Amino acid sequence: MNQAALILIKPDGLKKSLTGNILTRLSETKLEIVAAKMVRVSKALAEDHYQHLKDKPFFGDIIKYLQGDLHDRKKVMALVYWGEGAISKCRQLAGATNPEEADPTSIRGSYGRITTSGVYENVIHVSSNESDAEREIKLWFNPDEIIVKLYPIKAIEEEKVKKNTWA
Ligand code: UDP
Ligand code: MG
């Protein structure tokens, strides 16, 4: 069954110049990339993204981590992978959450680390299941930024919306 998965290359992945390696590893899945962009992550977006972990003691640290405060890289790369079994294929390649427990040949096993303060710097995010994927993709992307129709959309008319265009 075709599925969509949100992938984030986290700030440590960008700082370590791993973008190419990670995309090459993910291309083993033969999935299609249907959306991609660089994002400067606001506190609100990071908190929404990790809302299921808000009661954990490490919540504050992972919000800082996703915002790039720990790496002086205030951006992440967000992508949507699409195709047969996308979530399990991408999670398999990503490896376990804890990089020390991850298969050493997986992306997290190869490139992740645990900081002295205990944060799992594990290089990428991959959606855990279909409902998380839908919630996350809707959080990170507008419908027009995705080149296939993943979820129902509606047209709205906005009056006097101020936006930037090329000068
Ligand atoms: N995390 C952590 N310590 C933990 C659990 C999670 O630092 O004990 C971080 C880690 O960066 C992880 C993120 O919080 O990727 C989100 O946790 P989740 O349980 O959703 O793991 P994932 O789905 O990313 O494998
Ligand atoms: Mg998760």
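Where a number appears in this text, it was derived from the coordinates with a stated rule and is not lab data. Since we're looking at a predicted model, the values are computed, not measured. Virtual Cβ from ideal backbone geometry, glycine too; neighbours counted across all protein chains shown.
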> Along the charge dipole of the chain, which of 161, 3, 88 sits closest to the positive end, that is, farthest toward it, with unit charges on the beta carbon of Lys, Arg, Asp and Glu (+1, +1, -1, -1)?
Replying inline: 161
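Stretched out fully, how many nm does the piece from residue 167 to residue 100 gain, at 0.36 nm a residue minus the Cα gap? List each step's numbers first, then the result.
Details: separation 67, 0.36 × 67 = 24.12 nm, distance 4.94 nm.
Going from the current span to full extension adds 19.2 nm.
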> Whose amide H sits under 5 Å from the amide H of residue 3, counting only residues 5 or more places off or on another chain, with H placed in the peptide plane?
Replying inline: 83, 84, 85, 86
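Starting with the highest mean, order 109-117, 89-97, 47-55 by the number of other Cβ atoms within 10 Å, averaged over the residues of each peptide. Walk me through the numbers before you get to the answer.
Numbers: 109-117: 15.1, 89-97: 19.7, 47-55: 13.3.
The peptides rank, most packed first, as 89-97, 109-117, 47-55.
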> ³J(HN,Hα) across segment 58-64 via Karplus (A = 6.51, B = -1.76, C = 1.60, θ = phi - 60°), whole Hz, x for Gly/Pro?
Replying inline: 8, 4, x, 5, 6, 5, 4
>> Treating only the Cβ of Lys, Arg, Asp and Glu as charged (+1, +1, -1, -1), what charge dipole size does the chain show about its Cα centre? Round to the nearest 20 debye.
In response: 500 debye
> Going toward the positive end of the dipole of segment 31-167, with +1 on Lys and Arg Cβ and -1 on Asp and Glu Cβ, which of 107, 52, 143 do you reach last?
Replying inline: 143
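Of 30/154; 10/89; 15/149; 10/160, which pairs sit farther than 24 Å apart, going by alpha carbon to alpha carbon?
Details: 30/154 31 Å; 10/89 19 Å; 15/149 32 Å; 10/160 35 Å.
Correct reply: 30/154; 15/149; 10/160.
How would you rank 141, 58, going from fewest to most other Cβ atoms within 10 Å of each one's own Cβ?
Details: 141 20, 58 14.
Final ranking by Cβ density, sparse to dense: 58, 141.
Can you give the relative contact order of the chain as a percent, counting alpha carbon pairs under 8 Å and 6+ residues apart?
Here the relative contact order equals 32 percent.
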> What aspartates and glutamates sit close enough to residue 54 to cross-link, taking a C-alpha to C-alpha distance under 20 Å and skipping anything fewer than 8 places away on the same chain?
Replying inline: 69, 121, 132, 134, 136
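If each residue of separation counts as 0.36 nm, what is the full-extension length gain between residue 160 and residue 119 once their alpha-carbon separation is subtracted?
10.4 nm
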